[in-house]
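Please read the structure below before turning to the comments.
The values are calculated or read from the model by the stated rules, or taken from the named source; none is laboratory data. Being a predicted model, the structure only gives us computed values, none of them experimental. Ideal geometry is used to build each Cβ from the backbone, glycine not excepted, and the neighbour counts take in all protein chains shown.
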Amino acid sequence: MIRPKVYIAKHFPKEVIQYMQEHCDCEEWEGEGEISRETLLSNISDKDGVILTSIKIDKEFLEYAPNLKVVSNMSVGYDNFDLEAMKSRNIIGTNTPGVLDNSVADLIFGLILSSARRIVECDKYVRQGKWKSQYDENYYGIDVYGKTIGIIGMGRIGEAIAKRAKFGFDMNVFYHNRSRKIEAEKNLGVKYSDLESLLKKSDFVVLMTPFTKETYRLMSVNEFNLMKKTAVFINASRGQTVDEKALIEALKTGEIYAAGLDVYEKEPIEANNELLKLNNVVVLPHLGSATWETRNDMARVSAENMVKALVGEIAPNIVSELKK
């Protein structure tokens with residue numbers, strides 16, 4: 001029996017590699033940092049499967065991989081999938097939903113607290129020896145407990161954020177989504193809202209939508225103008241869901257109070273990006289799921305997706321658009 005060949009464009013735990021080697025001939029990226037598209041393309045000509053994160057799977061990619069049958073994304077998002085190109089070749093595409101929900105939700109609250117209480121600013125203030133008075137009003141922040149939070153995009157992660165907000169911080173939780181989440185409303189006590197109303201009444205606006213044509217720059221000038229001047233904006237979805245210039249202007253002019261960001265229009269963020277010059281922004285390097293436990297779980301799930309698809313079983317996490 002011919003064993004399928006797989007290229008793993010990530011650094012995986014040994015036990016996950018061993019599991020895959022029981023079923024496939026595996027080649028693993030062993031370089032430093034992220035693999036480049038060029039390097040990946042040069043290694044997939046004979047591969048039946050590839051595991052990766054963000055590299056675009058488009059017509060060019062598929063031309064380099066005539067034997068390709070499965071692409072396993074080690075992430076929840078799959079906006080790197082050219083779905084039409086993959087459909088034309090009957091390529092199976094999978095992702096890793098569920099395993100990272102709590103890690104991302106934890107990070108969201110890290111951004112909320114850091115932005116509201118100006119933790120990063122205050123850390124620098126102390127380190128630079130500027131702390132001279134116990135009552136320096138220049139570094140007062142705003143409360144989180146008991147405030148109103150609006151979550152745009154009530155998927156699994158959105159629900160995990162809502163649970164923390166409702167039961168941990170006694171917040172009033174509104175959400176906006178393509179469809180009502182009746183079970184979440186019943187179990188978590190959250191309330192559905194149209195987008196405009198949510199933006200107007202929320203003290204914290206958390207953007208958690210997937211990146212699609214419909215959500216491209218969902219947050220722009222009009223949306224930031226609708227927000228309270230005391231509101232905090234949080235984005236851990238995709239950078240392209242926000243008009244970055246409009247966000248910068250809203251932060252500079254005081255249209256909104258602060259922002260906490262884990263994603264950007266261009267990643268890694270460029271050194272001359274104006275966001276980096278603003279004190280009322282907390283910036284992270286796309287860390288959403290970046291804990292050892294979660295990343296290891298994501299590696300395991302992406303490996304299971306790959307193996308099951310290649311041995312003829314139904315992969316448990318085929319993305320909805322490619323299930324047929």
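If the condition is being among the hydroxyl-bearing types (Ser, Thr, Tyr) and closer than 17 Å to Asn273 by Cβ, then the range 222-240 contributes no residue at all.
Going through Asn272, Asn279 one at a time, which residue ends up being over 21 Å from Ile161 (Cα atoms), assigned to a loop (DSSP other than H, G, I, E, B), touching a residue at least 60 places away in the same chain (Cβ under 8 Å) and assigned by TED's automatic domain parsing to the domain that holds Lys124? Of Asn272, Asn279, the one residue that is over 21 Å from Ile161 (Cα atoms), assigned to a loop (DSSP other than H, G, I, E, B), touching a residue at least 60 places away in the same chain (Cβ under 8 Å) and assigned by TED's automatic domain parsing to the domain that holds Lys124 is Asn279. Meeting the requirement of 3 or more residues that are within 27 Å of Met20 (Cβ to Cβ), the helices (runs of 4 or more DSSP H) wholly within the range 54-135 are 59-64, 83-88, 101-116. Among the numbered criteria (1) at pLDDT below 95; (2) surrounded by fewer than 19 Cβ atoms within 10 Å (Cβ to Cβ), which single criterion is violated by Val76? Here Val76 meets the rest and fails (2). In this structure, Val263 does not qualify as of a type in the set (A, V, I, L, M), in a helix (DSSP H, G or I), under 19 Å from Val76 (Cβ atoms) and at pLDDT 95 or above. Within the range 160-171, the residues that satisfy the criterion of being surrounded by 18 or more Cβ atoms within 10 Å (Cβ to Cβ), in a helix (DSSP H, G or I) and in contact with a Phe, Trp or Tyr (Cβ under 9 Å, 6 or more places away or on another chain) are Ile161, Ala162, Arg164, Ala165, Phe169.
Residue-by-condition table, conditions (1) part of a helix (DSSP H, G or I); (2) over 20 Å from the mean Cα position of the chain (by Cα):
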site	(1), (2)
Phe233	no, no
Leu247	yes, no
Met306	yes, yes
Glu321	yes, no
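Considering only residues in the range 294-315 that are touching a residue at least 60 places away in the same chain (Cβ under 8 Å) and surrounded by fewer than 17 Cβ atoms within 10 Å (Cβ to Cβ), the one that is nearest to Ser75 (Cα to Cα) turns out to be Asn296.
Going by the conditions given, is Glu63 at pLDDT below 95 and of a type in the set (D, E, K, R)?
In short, no.
Residue count for the range 197-247 under the criterion of being closer than 25 Å to Arg156 by Cβ, surrounded by 15 or more Cβ atoms within 10 Å (Cβ to Cβ) and either among the basic types (Lys, Arg) or outside the structural domain of Lys277 (by TED's automatic domain parsing) (or both): the result is 3. If I filter the range 183-196 down to residues being touching a residue at least 12 places away in the same chain (Cβ under 8 Å) and part of a helix (DSSP H, G or I), which single residue comes out as surrounded by the most Cβ atoms within 10 Å (Cβ to Cβ)? Only one residue fits best here, namely Ala184. May I ask you to verify whether Gly146 is free of Cβ contacts under 8 Å to residues at least 60 places away in the same chain, of a type outside the set (Val, Ile, Thr) and outside any helix (DSSP H, G or I)? The answer is yes for Gly146.
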